[in-house]
1. Just give me the residues in the stretch 56-78 being surrounded by 18 or more Cβ atoms within 10 Å (Cβ to Cβ) and in contact with a helix residue (DSSP H, G or I) (Cβ under 8 Å, 6 or more places away or on another chain), in sequence order.
2. Looking only at the stretch 222-259, count every residue that is farther than 14 Å from MET187 by Cβ, open to solvent by 20 Å² or more (accessible area, probe 1.4 Å) and under 19 Å from the mean Cα position of the chain (by Cα) and tell me the total.
3. Would you pick out the residues in the stretch 132-148 that are crowded, with 17+ Cβ neighbours inside 10 Å and either over 23 Å from LEU251 (Cα atoms) or within 14 Å of ligand 1 (Cβ to nearest atom) (or both)?
4. Of everything in the stretch 21-50 that's in contact (Cβ under 8 Å) with a residue 40 or more places away in the chain and touching a Ser or Thr at 6+ places or on another chain (Cβ under 8 Å), which residue is nearest to GLU94 (Cα to Cα)?
5. Please determine, by comparing only the residues of the stretch 79-110 that are among the aliphatic types (A, V, I, L, M) and in contact with a helix residue (DSSP H, G or I) (Cβ under 7 Å, 6 or more places away or on another chain), which one is most open to solvent (accessible area, probe 1.4 Å).
6. I'd like to check something: does the stretch 32-48 contain any residue that is under 28 Å from ASN262 (Cα atoms), touching an Asp or Glu at 6+ places or on another chain (Cβ under 9 Å), open to solvent by less than 20 Å² (accessible area, probe 1.4 Å) and not in a loop (DSSP other than H, G, I, E, B)?
7. Going by the structure shown, is THR71 within 16 Å of ligand 3 (Cβ to nearest atom) and either outside any helix (DSSP H, G or I) or under 28 Å from ARG249 (Cα atoms) (or both)?
8. Would you mind stating whether SER145 is away from ligand 2 (no atom under 16 Å from the Cβ), of a type in the set (Gly, Ala, Ser) and more than 29 Å from GLY18 (Cβ to Cβ)?
Amino acid sequence: MLNIGAHLSVSKGLEQAGKDALQIGANTFQIFLRNPRGARAKPADGADTDALRRLTAENGFAPIVVHAPYTMNACSTQDHVRRLAESMIADDLERMEDLPGNYYNFHPGSRMGQEMGACTAMIADMLNRVIAPEQKTIVLLETMSGKGSEIGASFGDLYAIMTQVRQQDKIGICFDLCHLWDGGHDMVKDLDGVLDSFDRTIGLQYLRAVHVNDSLNALGSRKDRHAEIGRGVMGLDAVVRIICHPKLRGLPFILETPTDLNGHAAEIAMLKDAYGKNT
Ligand code: FE
Ligand code: FE
Ligand code: ZN
């Protein structure tokens, strides 16, 4: 079965995001719990959280993904930015204990001129302070395009962070197809090669979710501009091969394409149809 959904707005609450997911034919989705370009979060609403937990259970949803704010940089050169990152992730993880069994995805960070080794150590140190052994959320590092001084375009950099995390059962990876492509991983011509390289470097058992995006730019461009499925340079066939790949079966596939609910519904219908014909 194809687990598929999209990044959805929570401006009308968590339960409404779950209802929107059902409406577009999804059985998973991704949300922000706070302002993605800032830090502020609305106070937690227990009744709304409970309603979403019931909705996902009753409808047999796959795990959902909470995305950390883009402003988070656990290896910033600035003290207060690092402290803010830690307090945001700690607060988000605490909130997520009321939605047990899901994923928390974050962009590993930006080097800002510092040595890679120092950065991966800072990120892992933060994770070791905020991840509790008994928590019910798995924290995912997202593969990145390498734009600016972004960490996460190479599997080796992600491995360097992961290997320093004590709670190995609470850490994983989220693929982002646009970022992988822009970061130089050719899943169009050599999907098996990319998956083998990931498996050798990190291990496919750590791969927990996939952001399904086409890209507006060329392989290795380090740009990070998402395109709708089939409207970018990777193309529909490549995306279909990915969602149908036996090694990726069962993962939640989340669209982060630049469109609205109707557009996501159409993409989901198209991908479900292709999945049915190819598996
Ligand atoms: Fe992301
Ligand atoms: Fe993404
Ligand atoms: Zn992106």
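The values are calculated or read from the model by the stated rules, or taken from the named source; none is laboratory data. Every value quoted in this text rests on a predicted model; they were computed, and no experiment measured them. Positions of Cβ are generated from backbone atoms using ideal geometry, with glycine treated the same way; all protein chains shown enter the neighbour counts. Just so you know, the surface numbers come from the protein's heavy atoms only, side chains and all, with ligands and any DNA or RNA stripped out. Shrake-Rupley method; radii C 1.70, N 1.55, O 1.52, S 1.80 Å.
1. THR56, PHE61, ILE64, VAL66, ALA68, PRO69, MET72, ASN73, ALA74, CYS75, SER76 - these are the residues of the stretch 56-78 that are surrounded by 18 or more Cβ atoms within 10 Å (Cβ to Cβ) and in contact with a helix residue (DSSP H, G or I) (Cβ under 8 Å, 6 or more places away or on another chain).
2. Residues meeting the conditions: 12.
3. Of the residues in the stretch 132-148, the ones crowded, with 17+ Cβ neighbours inside 10 Å are 135, 137-146.
Matches in the stretch 132-148: VAL139, LEU140, LEU141, GLU142, THR143, MET144, SER145, GLY146.
4. From the stretch 21-50, those in contact (Cβ under 8 Å) with a residue 40 or more places away in the chain are 21, 23-26, 28-30, 33-34, 39, 41, 44, 46, 49-50; that's our starting set.
From what's left, touching a Ser or Thr at 6+ places or on another chain (Cβ under 8 Å): 21, 39.
Values: ALA21: 24, ALA39: 15 Å.
Among those that are in contact (Cβ under 8 Å) with a residue 40 or more places away in the chain and touching a Ser or Thr at 6+ places or on another chain (Cβ under 8 Å), it is ALA39.
5. Step one: of the stretch 79-110, the residues among the aliphatic types (A, V, I, L, M) are 81, 84-85, 88-90, 93, 96, 99.
Keeping just the survivors that are in contact with a helix residue (DSSP H, G or I) (Cβ under 7 Å, 6 or more places away or on another chain) gives 85, 89-90, 93, 99.
Working: ALA85: 1, ILE89: 0, ALA90: 42, LEU93: 9, LEU99: 11 Å².
So the residue we want is ALA90.
6. no
7. Values: within 16 Å of ligand 3 (Cβ to nearest atom): yes; either outside any helix (DSSP H, G or I) or under 28 Å from ARG249 (Cα atoms) (or both): yes.
Considered against the rule, which asks whether it is within 16 Å of ligand 3 (Cβ to nearest atom) and either outside any helix (DSSP H, G or I) or under 28 Å from ARG249 (Cα atoms) (or both), THR71 comes out as yes.
8. no
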